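Colleague: What follows is a structure written as structure tokens; I'll ask about it next.
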Amino acid sequence: MKVILTIIAIIFFGTVAMAQNVSGEIKVETISVGVELNIEIQEQAAKETKVARLYMFKNSRVKKALTFKTKRNKAKLA
């Protein structure tokens, strides 16, 4: 009985909420303003090129440094 009354109340409040007149779209006046773009481009005299190295082997120094393990990482038996 309680479930049926709850379902009826939910349906009733849902239909009441949908039946309300929601105000329509509000018209807003727009103002257009002209904009000037002054862009100055400064070119660099010398371009720097940097090299990124990719290590493909497990035993590389970089990967070893990034995957370090401490003594506390080991699992302990209880």
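Colleague: Taking 0.36 nm per residue of sequence separation and subtracting the Cα-Cα distance, how much length would be gained by fully extending the chain between E43 and V16, in nm to one decimal?
Modeller: Length gained between E43 and V16: 3.2 nm.
Colleague: Let me check something: with ligands and nucleic acids excluded, how do T15, T49, T67 order by accessible area (1.4 Å probe), largest to smallest?
Modeller: Output order, biggest surface exposure first: T49, T67, T15.
The values are calculated or read from the model by the stated rules, or taken from the named source; none is laboratory data. Everything quoted here is computed from the prediction, not taken from an experiment. These accessible areas exclude ligands, DNA and RNA; they are computed on the full protein's heavy atoms, side chains included. Shrake-Rupley method; radii C 1.70, N 1.55, O 1.52, S 1.80 Å.
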